[in-house]
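Step one of this worksheet: look at the structure below.
The values are calculated or read from the model by the stated rules, or taken from the named source; none is laboratory data. Bear in mind the structure is a predicted one, so any value in this text is a computation, not a measurement. Note that we place each Cβ from the backbone using ideal geometry, even for glycine, and neighbour counts take in every protein chain shown. Protein only, heavy atoms only, side chains kept; ligands, DNA and RNA dropped before computing areas. Shrake-Rupley method; radii C 1.70, N 1.55, O 1.52, S 1.80 Å.
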Amino acid sequence: MTHWFHRNPLKATAPVSFNFYGVATTPAATKICNDLRLSRIRLLELFTDLSCNPEMMKSATDLYFSLLQGFIISVDNSSQESKLRYIQNFKWTDTLQGQVPSAQQDAVFELASMGFNVALWYTKYSSRLAGKEDINEDEAKDVHRSLKIAAGIFKHLKESHIPKVITPVEKGRDLEARLIDSYIIQCQAEAQEVTIARAIELKHNPGLIAALAYETSNFYQKADQTLSSLDVTYTGKWRKYLQLKTCFYLAYAYCYHGQTLLASDKCGEAIRSLQESEKFFTKAEALCKEYGETKGPGTTAKPSGHLFFRKLGTLVKNTLEKCQRENGFIYFQKVPPEAPQLELKANYGLVEPVPFEFPPLDAHWTPESLAAFDLTKRPKDESAKPKPEEEVKPLKEPDIKPQKDSGCQIS
């Protein structure tokens, strides 16, 4: 499944030194600042390190976020925010809007932005893993789990942290609700693709596969509709991907629903369902071409070249021909003019985000270490001095070359 998933770029950020000369008045306070700087650098390095796995990522994120929490929450578990929340300026680009950064002097903005990148990393890790030539069952479970973790992180940011960011999020920026919702839904849909591939591989009941495919198609359609009110310049390519997946899984749903109808001796309805499947598969093929030709942020998936994609076309064709033969010899049923209504509800295999929480405050944060930050020692004219602009360099993401498509499903 190499290049089966569309991925938007990682967010880029300006370096942060956490050098609070004069403000950090003790070695303990200085050590916290130094640890913050180093753990942030390390986390950013891991985002583009091909050898990084979920255990390494969790260790790095726990370290950085537990230290950063001292800039956000009270060290004595009170409801008050940290006095350090607004001491440092942070700059981040967006996944869709190129290298034009947003800047906020707010540690919550940093928490949400870095957390967003962590979620993106899990989606990219799952995509790379799914692209292996001979993916085994444990790796497939990792793909599935990583996508659910990503959905959980996005959901947690949306519900618990983004509303607290001091400056309202601009339209079309990553932390805006419509963008976050689309990422959550896409992660759920892609995780369900893993479930569908597994169900097909193990030859589960066609009714279950049809229902899962229908639910997955609905997820992709919902993600596309969520982006519909945003600027097509930024979202056009991403939306084409969501649309082609919507049609692809609707074709799957009608194909397997047709098999269910045939097994119930409803051959005429089965033929009509397969005809509808053929229609949506053809539409998915056309959308694959449009997606490849649409300019925009992110990697270009190549689903139409996949055996998983091509197999569906063959399956639809063969199943339709079988139904037509059976109808000519045995059933002699009329083919309805209208396609059957898909009112399918999957009772198994539906994906929910894995609940996520940021780690607790690092043990180095104590009332004494916080008191060692003396805000009265900040330069009085600090805000008046023009600061040199820190350059926000794009993260150099590894170029993954497609491996030979062996036709192996995620199973």
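Which of the residues spanning segment 32-62 are over 19 Å from VAL143 (Cβ atoms), open to solvent by 60 Å² or more (accessible area, probe 1.4 Å) and either within 18 Å of the chain's Cα centre (by Cα) or of a type in the set (Asp, Glu) (or both)?
GLU45
Look through GLU269, GLU215, GLU193, GLU278 and report the one residue that is part of a helix (DSSP H, G or I) and at pLDDT below 90. Steps first, answer last, please.
Values: GLU215 fails: at pLDDT below 90; GLU193 fails: at pLDDT below 90; GLU278 fails: at pLDDT below 90.
Of GLU269, GLU215, GLU193, GLU278, the one residue that is part of a helix (DSSP H, G or I) and at pLDDT below 90 is GLU269.
Every residue, every condition in (1) surrounded by 22 or more Cβ atoms within 10 Å (Cβ to Cβ); (2) more than 24 Å from GLN88 (Cβ to Cβ), yes or no:
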{"site": "LEU111", "(1), (2)": "yes, no"}
{"site": "LYS132", "(1), (2)": "no, yes"}
{"site": "ILE135", "(1), (2)": "no, yes"}
{"site": "ASP142", "(1), (2)": "no, yes"}
{"site": "ILE149", "(1), (2)": "yes, yes"}
{"site": "GLY152", "(1), (2)": "no, yes"}
{"site": "HIS156", "(1), (2)": "no, no"}
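Working only within segment 363-377, note down all residues that are under 10 Å from ALA28 (Cβ atoms), assigned to a helix (DSSP H, G or I) and open to solvent by 90 Å² or more (accessible area, probe 1.4 Å).
Residue satisfying the conditions is GLU368 alone.
Considering (1) under 18 Å from SER126 (Cα atoms); (2) assigned to a helix (DSSP H, G or I), say which one ARG37 fails and leave the rest.
(1)
Report, by residue number, each residue of segment 113-130 that is over 30 Å from ILE73 (Cα atoms) and open to solvent by 10 Å² or more (accessible area, probe 1.4 Å). Step through it out loud before you land on a result.
Let us first name the residues in segment 113-130 that are over 30 Å from ILE73 (Cα atoms), namely 124-130.
Within segment 113-130, LYS124, TYR125, SER127, ARG128, LEU129 meet the criteria.
If I filter segment 182-201 for residues that are open to solvent by 10 Å² or more (accessible area, probe 1.4 Å), among the basic types (Lys, Arg) and over 28 Å from GLU110 (Cα atoms), do I get at least one hit?
Looking through segment 182-201, at least one residue is open to solvent by 10 Å² or more (accessible area, probe 1.4 Å), among the basic types (Lys, Arg) and over 28 Å from GLU110 (Cα atoms).
Can you tell me which residues in segment 196-219 are in contact with a Leu (Cβ under 6 Å, 6 or more places away or on another chain) and of a type outside the set (Gly, Ala, Ser)?
Selection gives ILE196, TYR214.
What number of residues within segment 378-393 are modelled with pLDDT of 80 or more and open to solvent by 80 Å² or more (accessible area, probe 1.4 Å)? Lay out the reasoning, then the answer.
Start the filter on segment 378-393 by keeping residues that are modelled with pLDDT of 80 or more, which leaves 378, 392-393.
From what is left, the residues that are open to solvent by 80 Å² or more (accessible area, probe 1.4 Å) are 393.
Qualifying residue count, segment 378-393: 1.
Among the residues of segment 219-231, how many are under 13 Å from GLN97 (Cβ atoms) and part of a helix (DSSP H, G or I)?
Matching residues across segment 219-231 total 0.
Can you name the residue in segment 163-174 that is within 19 Å of the chain's Cα centre (by Cα) and surrounded by fewer than 23 Cβ atoms within 10 Å (Cβ to Cβ) and, of all such residues, is modelled with the lowest pLDDT? Full working, then the answer.
Kept after step one, since they are within 19 Å of the chain's Cα centre (by Cα), are these residues of segment 163-174: 172-174.
This time we only want the ones that are surrounded by fewer than 23 Cβ atoms within 10 Å (Cβ to Cβ), so: 172-173.
Working: GLY172: 86, ARG173: 92.
Within segment 163-174, the match that is modelled with the lowest pLDDT is GLY172.
Take segment 202-242 and flag every residue that is touching a Gly at 6+ places or on another chain (Cβ under 7 Å) and either of a type in the set (D, E, K, R) or surrounded by fewer than 24 Cβ atoms within 10 Å (Cβ to Cβ) (or both).
Listed by number, the residues that qualify are LEU230, ASP231, TYR234, GLY236, LYS237.
What residue, of LYS148, LYS132, LYS141, LYS124, is in the same structural domain as ARG7 (by the TED database), part of a loop (DSSP other than H, G, I, E, B) and not hydrophobic (A, V, I, L, M, F, W, C)?
Values: LYS148 fails: part of a loop (DSSP other than H, G, I, E, B); LYS141 fails: part of a loop (DSSP other than H, G, I, E, B); LYS124 fails: part of a loop (DSSP other than H, G, I, E, B).
Result of the check over LYS148, LYS132, LYS141, LYS124: LYS132.
How many residues does segment 1-31 hold that are closer than 30 Å to GLY131 by Cβ, among the β-branched types (Val, Ile, Thr) and open to solvent by less than 10 Å² (accessible area, probe 1.4 Å)? Steps first, please.
First, pick out the residues of segment 1-31 that are closer than 30 Å to GLY131 by Cβ: 1-13.
Restricting the remaining residues to those that are among the β-branched types (Val, Ile, Thr) gives 2, 13.
Going one step further and asking which of them are open to solvent by less than 10 Å² (accessible area, probe 1.4 Å), we end up with none.
Matching residues across segment 1-31 total 0.
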